[in-house]
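Peer 1: Here's a structure for you.
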Amino acid sequence: MKFPVLRTIRGQLMGALILFELIVVGIFAVLLVRQQHAELQQHLRRRLEYQAYLVSAESGMAIQNHHSQDLQTVVVTAAQAPSVNAAQITDMQGRTMASSDPTTLGQLTLSAKERTYLRDLTEPEIFATSSSDWEAVAPVVAGGRVQALAWIYPNEQQDRQDLSSLLRMTVVWSLFVFAGCTGIAAILAQSITRQLATLTRATRRLIQDPEDTGAFPLPAKSANEAAELTIAFNRMVAAMQEQRAGLNETLALLDSMLANAPIGFAFFDRKYRFVRVNQFLADMDAYSFALHLGRGADVILPPAMAAKLEQSLEKVFQTGEPVRNLELAWETAPGRTRSWLAHLYPVRTDPETTRWVGAILVDTTEQKRSEEALRRTEKLAAAGRLAASVAHEINNPLEAVTNLLYLIRQEPLSPASEHYADLAQQEVARVSEIAQQTLRFYRQSTLPAITNVAELLDSVLTLHTGRSQTAHVGVERDYPQSLLLFCFAGELRQLFANLITNALDAMTPEGGRLMVRARAVRQDDTEGVRVTIADSGCGIPPEAQRHVFEPFFTTKEATGTGLGLWVSDQIIRKHQGRVRMRSRASGTSTGTVFSIFFPAHGAEPAEAETEAEQEAVP
């Protein structure tokens, strides 16, 4: 149990004085009681010895005169004495001959210890039957020999009352002493601690509000050590105010930098636990500020990466040298990698000791993804330029082959040769169409124009004919040939190619169905064209559907860049269109449907004019 009053100097002085008084009074009381108890025991022994002499003498005379009937009178008379509780006379075998309790006559009532005195005694003996009970036994001599034994049992009630009265007097006296000493101690403690109490109150106010220094300087009303302490404290507070002004400015700058810097800051102790982090790092690793403090790096990093970071932290602690460009990369999901770049440096409180290690952490995940996507885009662009070059170069020999087939058909041919020439002419026309469509992807128009939607869809499907046939994908075309739209033809061709490519990628090895539909519709009082591309592929998982239009998000792992649908979304926005997606990735029926609505005049003319101006710049 704690006593708050003992935490003060006044309480400690009074407590020490009271404790000293308790010890002194306690020792005095113990000695007094022991002395009084010893005196009472001595008086008791004397009374017992006297009563034993008296009863034994009278009993001896009665037995010698053969007046055994007088023995009962002797013990009854003895028991009536204030200091005697009971008395009895027994023969040498312990049988009661006379007793102040007549019911015990003729009985053996002696205890085992009393029976040890059934022998010839020469004088009375005083003995204790327990720690507080005493008895006296005396020989009854008649005819020159011991005929019986007289037993005296004392009445100690009066002695106990005397001892209790002494204790009460001692307690009353102690209370008066306590009251007097406590009053004197309180007066002395008040004079000593008054100055300290003033200092304590002002210090508490300063602790609660370090800016509240209105109570300082404190007055020094005496010339003792407490006053000297007050004067020294006043000087210390004044110095702290000066230092705080400069320190607050420095801390404000540091806190602003830590809070608003677009990089993560962290500090680690020697057990690799977070001592402090900034909010940017808490947002970066999706753990709250409180979850970092006191916890190790394995809270936010996988075990392997945490061990790598801890190894570098230990190196900084041991050598005092910074560690720069430490790459930490781990896989968060299949095909999804996260990477950080860490710079570690020592934080010293003295020139020789590294107390903490600071860490500057930069999330390079998007940068890595961007670099990888850029590399893939460059490869695709190079492949596109190569395909355009190949398509351009193919046109020349195709034209020669077409001319040669024309000349061959001018000659008389057998029916079989005529059939073969027709087939060759068709295949050459097909190759020429593929080459033309490839060139259209590469050479896109920079101005919006009225475009036939059916021709755009046909050109894209023609490029994917070989792949769809190889994959056993049935293509269903459902759109009128006269459907027109004001748009950037090349960008819509890219949009449709992205969606059809994704649909074919989603097909199973057993094949599937691809449906392409276009209709002139009216939506929200706006005329336009709705294009629907649906497939019976594997579908998109629910957790991935809300991310499909984000840059660098892909479910194709190593084969995807994560830019196709993002670019498609930008094209749709540029044409002021709206897209809806439905997908099912489980159950008996799976597949994905993209439905895109284009306003009839949705292409943005401002951007078209800007692109035209840029195109005109030499």
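Each reported figure results from applying straightforward, stated rules to the coordinates on display, with no laboratory input. All values derive from a computational prediction rather than experimental measurement. Glycine also receives a Cβ, built like all others from the backbone with ideal geometry; neighbour counts cover every protein chain displayed.
Peer 1: Given a Förster distance of 35 Å, report the FRET efficiency between Ser68 and Thr116 from their Cβ-Cβ distance, rounded to the nearest 0.05. Provide the component values of the computation, followed by the final result.
Peer 2: Details: r = 26 Å, r/R0 = 0.74.
Result of the calculation: an efficiency of 0.85.
Peer 1: How big is the charge dipole of segment 70-200 about its Cα centre, in debye rounded to the nearest 20, if each Lys and Arg gets +1 on its Cβ and each Asp and Glu gets -1 on its Cβ? The partial results should precede the final answer.
Peer 2: Working: 8 positive and 12 negative charges, 114 e Å.
With Lys and Arg at +1 and Asp and Glu at -1, about 540 debye.
Peer 1: Another one. Karplus couplings for segment 403-408 from phi (6.51 cos²θ - 1.76 cosθ + 1.60, θ = phi - 60°), rounded to Hz, Gly and Pro as x?
Peer 2: Once rounded to whole Hz, the list reads 5, 5, 5, 4, 5, 4.
Peer 1: With Rg and the Kirkwood Rh both taken from Cα atoms, where does Rg over Rh land for segment 311-365?
Peer 2: Radius of gyration relative to Kirkwood radius: 1.13.
Peer 1: Fully extended, how many nm does the chain gain between Met257 and Arg519 (0.36 nm per residue separation, minus their Cα-Cα distance)?
Peer 2: Details: separation 262, 0.36 × 262 = 94.32 nm, distance 5.68 nm.
That works out to 88.6 nm of additional length.
Peer 1: Each residue of segment 571-579 in turn: what ³J(HN,Hα) in whole Hz from Karplus with 6.51, -1.76, 1.60 and θ = phi - 60°, glycine and Pro shown as x?
Peer 2: Whole-Hz 3J(HN,Hα) from phi for segment 571-579: 5, 4, 4, 4, 8, 6, x, 9, 10.
Peer 1: Once amide H atoms are placed 1.01 Å from N in the peptide plane, what residues at a sequence separation of 5 or more from Asn278, or on another chain, have their amide H within under 5 Å of its amide H?
Peer 2: Amide H neighbours of Asn278, under 5 Å, 5+ apart: Phe265.
Peer 1: Quick one: compute a quarter of the convex hull surface over the Cα atoms of segment 279-356 and quote it in nm².
Peer 2: Working: hull surface 23.5 nm².
For segment 279-356, averaging the hull's shadow over all directions gives 5.9 nm².
Peer 1: In Å, what is the Rg of the alpha-carbon atoms in segment 10-161, and how long is Dmax?
Peer 2: 21.2, 81
Peer 1: Another one. Compare the peptides 236-244, 354-362, 496-504 by average per-residue count of other Cβ atoms within 10 angstrom and give them in order, highest first.
Peer 2: Numbers: 236-244: 12.6, 354-362: 19.3, 496-504: 21.6.
Answer by packing, highest mean first, reads 496-504, 354-362, 236-244.
Peer 1: Now, a different point. Whole-Å semi-axes of segment 93-166's equivalent ellipsoid, largest first, each the root of 5 times a Cα gyration tensor eigenvalue? Walk me through the numbers on the way to the answer.
Peer 2: Values: eigenvalues 139, 45, 28 Å².
Taking √(5λ) for each eigenvalue gives 26, 15, 12 Å, largest first.
Peer 1: Same structure, new question: Viscosity 0.692 mPa s, temperature 37 °C: what is the translational diffusion coefficient of segment 447-616 from Stokes-Einstein with a Kirkwood Rh over Cα pairs, rounded to a whole number of µm²/s?
Peer 2: Working: Rh = 16.7 Å.
Diffusion coefficient, whole number: 196 µm²/s.
Peer 1: Mind listing the long-range amide H neighbours of Glu156? Cut-off is under 5 Å, sequence gap 5 or more, other chains count too, H placed in the peptide plane at 1.01 Å from N.
Peer 2: It is none; the list stays empty.
Peer 1: Oh, and also: Would you mind ranking Arg338, Arg201 so that the residue whose beta carbon has the fewest other beta carbons within 10 Å leads the list? Write out the running numbers ahead of the final one.
Peer 2: Numbers: Arg338 20, Arg201 12.
Fewest-to-most Cβ neighbours within 10 Å comes out as Arg201, Arg338.
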